[in-house]
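**Q** I am attaching a structure below and will ask some questions about it afterwards.
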Amino acid sequence: MEKNISSEIIEQLFVQLKSGPAGLTTEQANDRFALQAKMEKLPGRYNRELKLFIRQFTNPLVLLLLIAVILSAVLGEVSDVIIIFFILVLTGIMGFLQELNAGRAVEKLRKLIEVKHMVLRDLQELELSTREIVPGDVIVFNAGDMIPADCRIIESNELHVNESTLTGESFPVEKKAGIVPEDTPLSKKHNCLWQGANIVSGTAKAVVVYSGSNTVFGSLTHSLEKEEETAFEKGIKSFGYFLLRITVILSLVILVSNLFFKKPIFDAILFSLALAIGMAPELLPAIMTFAMAAGAKRMLKKKVIVKTLSSIFNFGEVNVLCTDKTGTITEGSVGIKDVVDINGNANERIKRYTFLNAHFQQGFSNSIDQAILALNMDCNGYDKLDEIPYDFIRKRLTILVSEQGQPILITKGALPNVLEVCTFYEDADGFIQKLGNTTAEAIRDRFSGYAEEGLRVLGIACKSTMLRDISHADESDMVFMGFILLQDPIKESAVSSIAKLKELKVEVKIITGDNRYAAAHIARIIGIKSDLILTGDELNRISPEALLLRVRDAAIFAEIEPHQKERIIYALQKSKYTVAYIGDGINDVAAIHAADCGISTSNAVDIAKEAADFVLLEKDLGVLADGVIEGRKSFMNSMKYIFITTGATFGNMFSIAAASVFLPFLPMLPKQILLNNFISDLPFLTIASDNVDQEELKVPGKWNIKLIQHFMVVFGLHSSVFDFLTFWVLYSYFKLSGSAFQTGWFIESVITELVILFIVRTKKPFFKSRPGKMLLWSCIFACVITIYLPFSPFADLLGLKIEHAAQALAIAGILVLYVITGDILKLLFFKYSKFSNEPKKWQKAGI
């Protein structure tokens, strides 16, 4: 039955949902969950994995080859058909297994950080995941919570919600219980909460009316799920199109040339298609996915959870890290040092008011209030009447309590924000005095003194009133009482972690809402040097053009508002930095989303975790430095496949194509080309586990399509020179043709693709860099198979045979010469190429 979500009386809505203020029973919820899963028709694991398997064979080139193979079978070439079909199936299975394992690994990682919601079931509060929420559930919301379904508010207190994902409105909107006509625009329905929005401040209790695909957000899922591509993803796509163009053009030229020289039409078609598949890096998606998943597993061991696989490569590119100081640089275990009056003397009455404010607040749990609660004072005789929850605009939290029947307003928060609502102060003798400019300046001076000692300082104020409920307007004409002094020790690992990040060429910048004095004090201790401290007020006065220069020089941004964090991130990005931002609060969400690498923590608010690409199991810069190294390893290893594909593979296939025009027979049969491609791809399945030179890890990686093209030309020509040398030795010197020639060329082609891996995987001489064990043994295995095939029982089927021993020795000599010259060429390439004059470009290329 269709329910009127906003216009129905709440009691009637409960009747329709067969629920109530206490929520559902477990039995009711289980029945509804089963019905919901059935109606959603969510694909099971079997269906998802079957689609993944089928996708491996939907490449247009593969489909064309299969058609040609079928036509060839009609003409009687059954053995060739079986062999080609078998190789294609094996290649598809390899890709499927790689992506399957990677996908399962990502699923496990995401379950570790699944967003939970507080739901009433069986008269108890339970933490449940979004997918377990069903219509009729009653959810308790606090600041920072994601909204998992379309809900109707039962009750609320100073509730403000960010609905920008649905309405585009960037400012939070106020929400409260009530009745709103159903034809009211979605953005004006103040009594409803929509899936995909998040709680900015306040508290609420709401009943779920629609969940899953029945929500407003669910109907927009397809458009909202389209995320912007990362720089690396764009680079991969560009690279793929680049190779595809070359492949198609070359294959068509070869096909036309072979037909011009009146070679059999089906042989020419099969040869051209096999050549196209041999050049196309069909395992690229699988190898990239597996490399990223392997990197995610390694990062998990370093206590970093990867939410978005492709963001691993962005992590490898990071050269600026922006962080708050609380919990990353400091311990995050805030403790009360003292609560003092206007003259700096300890005061029990002010301490009690501080405790009452923290004890009765219900906005959201935070480290400061938890530290205050450790005072463990007696609250007998006090009753809570009302509350104005903390928000990041006011930066205050106000509680209305009854003290022996007398209502008292108690406000605590950032000192400037508390001081701005005070017109009086309480002196050392407990008398209330008018707050003049001289006293206000003295308060600020004392505040600065405490901050310079490294303390976090809050203000506290109060006033007597006759009100029984309060609003923002009542935060006025208050009496300033004193200072709450908090201490958060610096982590022992902070100095070494920042030094480690500096070694990795990652600059650390502090962005904090704290005052400039406290921020500067922390920076000095941990070794962050900056002659420039940029404050929020200064930021508002700076033009966008000037900001691009100031953000480069400033390492400390203090007294920063939440919306200003995002502006700083964008300015750094426009200054050609790759930026990571770490945060765990509602005020960090925009910056997390804007950063190239958004990072949150496992204990962060839901919306922060949802916006992040990475979630740290420990909020520590040391963990982050380890994550950067793992991101760079994944980047470097993936780039190795790119460079080998563009170098040896392109060179070999170009040589085959050229030779097919001039030789009276095909230099390699279609099945041999596919087998060559299959065997040479085997070691790449282990490339994710390869070692990376320490020198490479010290510099951020960077996708550089121009460098790849440059490399392809140089090493492709080098490979082709040795291919033509092989042709001359086999055809002109040994007078070989047919199977004997094809076998020699097959062995040389496969092994050159295997050995080039050991040359390209390092910038150093290849014998000075130790490859990973799995990579080494897989290459040896592929090499043994290649040499064994001409002597195996399958030799005749594959068209392979060795004519005499001299042929094998000549090929061995060519291979040795290839390795020596290839390694020398590599060293010269990095020393004398045009990129050597711009070291930052090629050093960041990731090869």
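**Q** Please compute P(r) over all alpha-carbon pairs of region 534-686, binned at 5 Å starting from zero, and give each bin as a whole-number percent.
**A** 2, 8, 12, 13, 12, 10, 7, 6, 6, 7, 6, 5, 4, 2, 1, 0
**Q** State, as an integer percentage, the relative contact order of region 708-785 based on alpha-carbon contacts under 8 Å between residues 6 or more apart.
**A** So the answer I get is 21 percent.
**Q** Sticking with this structure for a sec: If you filter region 666-767 for trypsin sites (Lys or Arg not before Pro), then keep DSSP loop positions with at most 15 other Cβ within 10 Å, what is left?
**A** Taking region 666-767 and a limit of 15 other Cβ atoms within 10 Å, the loop trypsin sites (Lys or Arg not before Pro) found are LYS698, LYS735.
**Q** Along the three principal axes, how long is region 480-527 when you take its alpha carbons, biggest first, rounded to the nearest angstrom?
**A** So the extents along the principal axes, rounded to whole Å, are 48, 19, 13.
**Q** Oh, and also: What does the convex hull of the alpha-carbon atoms of region 374-512 project to on average, in nm²?
**A** For the Cα atoms of region 374-512, the hull's average projected area reads 11.3 nm².
**Q** Place the peptides 176-183, 497-504 in order of packing, highest mean first, counting for every residue the other Cβ atoms within 10 Å and averaging per peptide.
**A** Put in order of decreasing packing, that is 497-504, 176-183.
**Q** Rounded to the nearest angstrom and ordered from largest down, what semi-axes does the equivalent ellipsoid of region 747-816 get from its C-alpha gyration tensor (root of 5λ)?
**A** 27, 15, 8
**Q** Quick one: pull the percent of accessible area on region 333-373 belonging to carbon and sulfur, 1.4 Å probe, ligands and nucleic acids left out.
**A** 43
**Q** Working from the pairwise distances between different alpha carbons, so that the mean of 1/r is found and then inverted, what is region 684-773's Kirkwood radius in Å?
**A** By the Kirkwood definition, the hydrodynamic radius is 15.7 Å.
**Q** Compute the accessible area per residue over region 310-440, keeping the other protein chains in place, probe 1.4 Å, unit Å².
**A** Accessible area per residue: 39 Å².
**Q** Please compare each pair in LYS188/LYS395; LYS116/LYS303; LYS395/LYS505 to a cut-off of 32 Å on the Cα-Cα distance and tell me which ones are over it.
**A** The answer is LYS395/LYS505.
**Q** Further question on the same structure: Suppose each label sits 7 Å from its Cα in the direction of the beta carbon; what would the SER164-ILE542 distance come out to in nanometres?
**A** For SER164 paired with ILE542, the spin-label model returns 2.0 nm.
**Q** Now for a separate question. Report Rg/Rh for region 644-690, rounded to two decimals, where Rg is the Cα radius of gyration and Rh the Kirkwood radius.
**A** In region 644-690, Rg relative to Rh is 1.08.
**Q** Also, quick follow-up: Take the alpha carbon atoms of region 634-722, find their radius of gyration, then divide it by 2.2 N^0.38 Å using N residues; give the quotient.
**A** 1.30
**Q** May I ask you to compute the full-extension gain from SER187 to LYS768, defined as 0.36 nm times their residue separation minus their alpha-carbon distance, rounded to one decimal in nm?
**A** Roughly 202.8 nm would be gained on extension.
**Q** So, one more: Go ahead and run the numbers for FRET between THR438 and ARG468, Cβ-Cβ distance against an R0 of 30 Å, rounding to 0.05.
**A** 0.25
**Q** Carbon and sulfur atoms: what percent of the 1.4 Å accessible area of region 517-665 do they account for?
**A** 51
**Q** So for each of 471-483, 811-823 I average, over its residues, the number of other beta carbons within 10 Å; can you give me the resulting order with the highest mean first?
**A** In decreasing order of mean packing, 471-483, 811-823 become 471-483, 811-823.
**Q** Taking K and R as +1 and D and E as -1, what net charge do the other residues with C-beta under 12 Å from the C-beta of GLN28 add up to?
**A** Summing Lys and Arg as +1 and Asp and Glu as -1 gives -1.
The values are calculated or read from the model by the stated rules, or taken from the named source; none is laboratory data. As the structure is a computational prediction, the values presented were derived from the model and not from experiment. Cβ atoms come from the backbone with ideal geometry, glycine included; neighbour counts cover every protein chain shown. Quick note on the areas: whole protein, heavy atoms, side chains included, nothing else; ligands and nucleic acids left out. Shrake-Rupley method; radii C 1.70, N 1.55, O 1.52, S 1.80 Å.
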